[in-house]
Amino acid sequence: MGLSVQFLWLIPALPLLAAGIGSIAPSRDRTLASGTAIAALALSFLLSCGALLTALANPADHATHNFAWFELGHGAVRLGWLLDPLTALMCIMVTFVGLLIFIFSTGYLRADARFKQFFCFLSLFAAAMLGLLIANSLLLLFICWELVGLASYLLIGFWFHKPAAAAAAKKAFITTRIGDLGLLLGMVWLYDSTGSLLFYDGGNGVLEPSVLAALGGSTAIGLLIFCGAVGKSGQFPLHVWLPDAMEGPTPVSALIHAATMVAAGVFLMARVFPLLTPDALTVIALTGAITALMGALIAVAQNDIKRILAFSTVSQLGYMMLAIGVGSWTTAIFHLLTHACFKALLFLGAGSVIHAAHHEQDIRQLGGLRGPMKTTFATFAIGMMALSGVPFIFSGFWSKEAILHAAHAWDVSQLPLYLGLAAVVLTAFYMTRLMAEVFFGAARSDAAGHAQENPPTMTVPLGLLAVCAVGLGFLGTPYWPWLQHTLDPLAHVEAGGYGLMMVSIVLVALGLGSGWAIYGRKSRVKSSAADPLAVRAPSVFAFLAARMKFDELYAATFGRLNHGLAVFADALDRHLWDGAVRFFSRLGEFAGVVNRETDEGALNGGFDATSEGLRKRAHSYSRAQTGDAHGYLLMVAFGFVVLVFAVLLGGAR
Amino acid sequence: MNLAPLQLCLLFSSALFCIGLIGALSRSNTILVLLGIELMLNAANLNFIAFWRYGANSEPATGVMFVIFAIAVAAAEAAVGLALVITIYRHQKNIRLQDATRLKG
Amino acid sequence: MTAVLILIAVATLCTAAVAMALRNLIHSALLLIASWTGIAAFYLWAGAEFVAFAQVLIYVGAISMVVLFAVLLTRQSRADVAIAPGSLGRVVLALIAGGAVLGVLVGAVLSTKFANSSATTPTVTVKQIGQSLGGAHAAALLVIGVLLTVALLGAVVLATTDRAEKEDA
């Protein structure tokens, strides 16, 4: 049964309703809060499936439902919903992954006192994210975009009593805000040039050929919109917030920072793809390639299990941007969907490990978990192989291949291809390192030694995600590119190119092999032992471990500049303006003194007698002031009633 | 009984006014008294809009203008009123309106 | 049309009445926010969108925050929450006064014969409002601006710590 576009708003409305119910439910009632949230999202998932059926009936069509929000001057602000395969597939991905993460959270946060609030925030987040996906207007998309930012702020700072979490929430909010300013400017500029913000509007939307022709291609608008995506999707140079955001609870990391929110930037670029000029695309491709390589490099030297995954996310988002930049947005969405599944799987697996090991996140302290946590180990291994791009079975291989082939076919430059290939080796390498340190060898701390497998609420989502992490890849292989053709019937899919595929298989093998040679063969014995790489190249490793010093760089430049400006403004305020104000106040004081001198001598005498009489009269009046404010109001009320009757009875109608 | 929409609106605002009045008269907490007065003000605004909507209007924007200005004044009133509440609290360590009788003659 | 009006009216009146009757100040303030939203809904119903937005911005957005701040700043110990003995009489008096006013108002409304209103809704666009704010009502706008400034300064003066006053006294 299909879902027509008029009722598309139900998809985000249900989680929003759940958030509303959750906010007024009593905090003790845990099942009510989690139950409504899960039920609402499950319903949304079914509705999304219905929407996909409708969209598949005519994949090339962009069904819209537009309406006027309010009148303003000459013209109305119009919003609308949009239903096409891109929207439907993204909705299914968000609701499906979200649903599994919700279920996982019931186990993960079982002992948390603010369980109810957590589900309330999660539902709010899901609602905002789904609203973003169905928007047919850049304005509505922007509103939901900011709501998503707010929800992520609340969720990252969920454990706000930890100073690090509060700081991370603030950092995420402010850093993404820098990008959002660009998006807002781009939006205003676009509105100024075209007079509309609707994507599709029966020939008048900004993504439709006639309007695009009239616009004549504007690189600046595309780049400004890209700024928003840079902030949200953690691209270089605004990636700094994403690793810090790992201070939030692990399901949040899985939901927001792996599967959905960070994908919003990629989704936005895919949505506005027709607006992007070749120059803008070149910038996007290079940014993506740099991000892909940089994220992978930093991930090699991290020790926190979630931070490794966070930088891996940064790197994979770089791949997606690269794919958009080289003109193949369908492969970007393909990689987005597969990545959402296997990265959510990896994060939830990490959450399972962390929960079992009593919140120990340092991979040097873990180890040997292969035995006690069999399900987690098996599913995590599937996720790891999907991310590394182990050939033929795992989804990550197919989507990454598609991106590399698209980069190969790009006629501007081959640089993104080489950067991407370098990142392939590193990805396989750091994931092998992670596996070897966490699951192999001997337990290196008490927490890891006593780890036990988690209850089914946590392991079942892992299993389902693992199935998707394998199966999703077959929707977009070069031999049967169903997904690409559904998203864009005109898409040209690079077939063949066995040479390139061979190269990347060799590179993956190289990464896995070297990772195993360095970390797996002789596993770490003591948690304090130095990393093998740190022994060989200490300065490089330290530089990468410090995340290439981006935070320090920003603190030294923007932070200091900001502080300097603040000091300058403070000095200006304190000395210049305050001085002027003081001067005038002195002047006034002086005038007052002169005035008083003349007053007291000349004018006062005669008035004294009169005022004494007035004072006596006033004193008798003041007796009527009882000081009872209620009494006054009561008198007014009765006075009004009496007055009305007096007028009526007096016949003065 | 068949009521014109205007009469319904006026009944609505009368009821709101009286709820505000009863609240302001019966509660001893100064904040709630202020809120009751806010409700009374809102009821007056409702009347403006009701007459603007259904009355014979020579100048179409007048009712709306009145309400806009009334809302602005209400904002000022609320700010000053609540500042007064805080001052009262600082002086007498509670906000019972009956205790605030320092200006008694 | 009328049914919507009655729905809005009942929701607004109920929340307002419960807010006035509740013991917990925070709950009253939150319910009043709902009540103000109901009034905004009435404005929307009557076709005065701009006023509705102003109502939401100023009451639901700003005044509610000020009220919540005031409630939190003047939070008292649990001891004096209990109703004072003399208050029952005041409640009765308040109900009598309110009932009398309501009776007079309702009687007046019901007994008055209103001229048949025009069927068309008067429309006011934001542009018209802007023009009359800048044109016919420019003086009033300026006065309001001064009033708000004075109210702001007054509120600041009232709420600052009164060190100077102690010196005078």
**OP:** Tell me which residues come under 5 Å, amide H to amide H, from A:Ala63 once H is placed; ignore anything under 5 positions away on its chain.
**Re:** A:Leu83
Original post:
Under 20 Å from a point 7 Å along the Cα-to-Cβ line of A:Leu185: which residues of the stretch A:207-230 have their amide N that close?
Top reply: A:217-230
Subject >> Quarter of the Cα convex hull surface for the stretch A:63-106, i.e. its orientation-mean projected area (nm²) >> reply: 4.7
**OP:** Please turn the phi angles of the stretch A:550-567 into ³J(HN,Hα) values with the Karplus equation 6.51 cos²θ - 1.76 cosθ + 1.60 (θ = phi - 60°), one per residue in order, whole Hz, x for glycine and proline.
**Re:** 5, 4, 5, 4, 5, 5, 6, 9, 5, x, 5, 4, 4, 4, x, 4, 5, 5
Original post:
Got a sec? Which residues in the stretch C:16-38 would a label at A:Phe67 touch, if it sits 7 Å along Cα→Cβ and we count backbone N under 18 Å?
Top reply: none
Original post:
Just checking the protein assembly as shown: which Cys have no other cysteine's beta-carbon under 4.7 Å?
Top reply: A:Cys49, A:Cys91, A:Cys120, A:Cys144, A:Cys227, B:Cys9, B:Cys18, C:Cys14
**OP:** Return the whole-Å distance between the Cα centroid of the stretch A:179-243 and the Cα centroid of the stretch A:1-80.
**Re:** 24
Original post:
How about A:Lys232: which lysines have a C-alpha closer than 23 Å to its C-alpha, ignoring those fewer than 8 places off in the same chain?
Top reply: A:Lys170, A:Lys171, A:Lys306, A:Lys343, A:Lys400, A:Lys549
**OP:** From other protein chains only, count the Cβ atoms within 10 Å of every residue's Cβ in C:141-147, then give the mean.
**Re:** 3
**OP:** Return one whole number: the accessible area per residue of the stretch B:5-92 in Å², for a 1.4 Å probe.
**Re:** 29
Subject >> Accessible surface of A:Cys144 - all protein chains present, 1.4 Å probe, nearest 10 Å² >> reply: 10
Subject >> Efficiency of FRET from Cβ geometry, C:Val146 and A:Asp628, R₀ 45 Å, rounded to 0.05 >> reply: 0.85
Original post:
When N is the residue count of the protein assembly as shown, what does its C-alpha Rg come to as a fraction of 2.2 N^0.38 Å?
Top reply: 1.15
Original post:
Roughly what percent of Cα-Cα pairs across the stretch B:5-92 reach past 14 Å?
Top reply: 68
Original post:
When all protein chains stay in place, what accessible area (Å², nearest 10, 1.4 Å probe) is found for A:Glu247?
Top reply: 50
**OP:** Calculate what fraction, in whole %, of the accessible area of the stretch B:5-92 sits on carbon and sulfur atoms when a 1.4 Å probe is rolled over the protein chains.
**Re:** 73
Subject >> Cα gyration tensor category, rounded, prolate or oblate, for the stretch A:132-203 with a/c compared to 1.5 >> reply: oblate
Subject >> Inter-site label distance for A:His358 and A:Val506 at 7 Å from Cα along Cβ, in nm >> reply: 5.0
Subject >> Percent carbon-and-sulfur accessible area, the stretch A:255-314, ignoring ligands, DNA and RNA, probe 1.4 Å >> reply: 70
Subject >> Pair A:Thr457, A:Asp192: separation of 7 Å Cα→Cβ label points (nm) >> reply: 5.3
**OP:** Give a residue-ordered list of calculated ³J(HN,Hα) values for the stretch A:256-261 (Karplus: 6.51 cos²θ - 1.76 cosθ + 1.60, θ = phi - 60°; whole Hz; x for Gly, Pro).
**Re:** 8, 9, 10, 9, 10, 4
**OP:** Show the residues, 5+ positions off or on another chain, whose built amide H is closer than 5 Å to the amide H of A:Ser137.
**Re:** A:Gly80, A:Phe199
Original post:
Using a Förster distance of 22 Å, how high is the FRET efficiency between A:Leu53 and A:Trp9, based on the Cβ-Cβ distance and rounded to 0.05?
Top reply: 0.80
**OP:** Please turn the phi angles of the stretch C:128-140 into ³J(HN,Hα) values with the Karplus equation 6.51 cos²θ - 1.76 cosθ + 1.60 (θ = phi - 60°), one per residue in order, whole Hz, x for glycine and proline.
**Re:** 4, 4, x, 5, 6, 5, x, x, 4, 9, 4, 5, 4
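The values are calculated or read from the model by the stated rules, or taken from the named source; none is laboratory data. Small disclaimer: the values here were computed from a predicted structure and weren't measured. No Cβ is skipped: glycine too gets one built from the backbone with ideal geometry, and neighbour counts run over all protein chains shown. Surface accessibility is based on the protein's heavy atoms, side chains included, excluding ligands, DNA and RNA. Shrake-Rupley method; radii C 1.70, N 1.55, O 1.52, S 1.80 Å.
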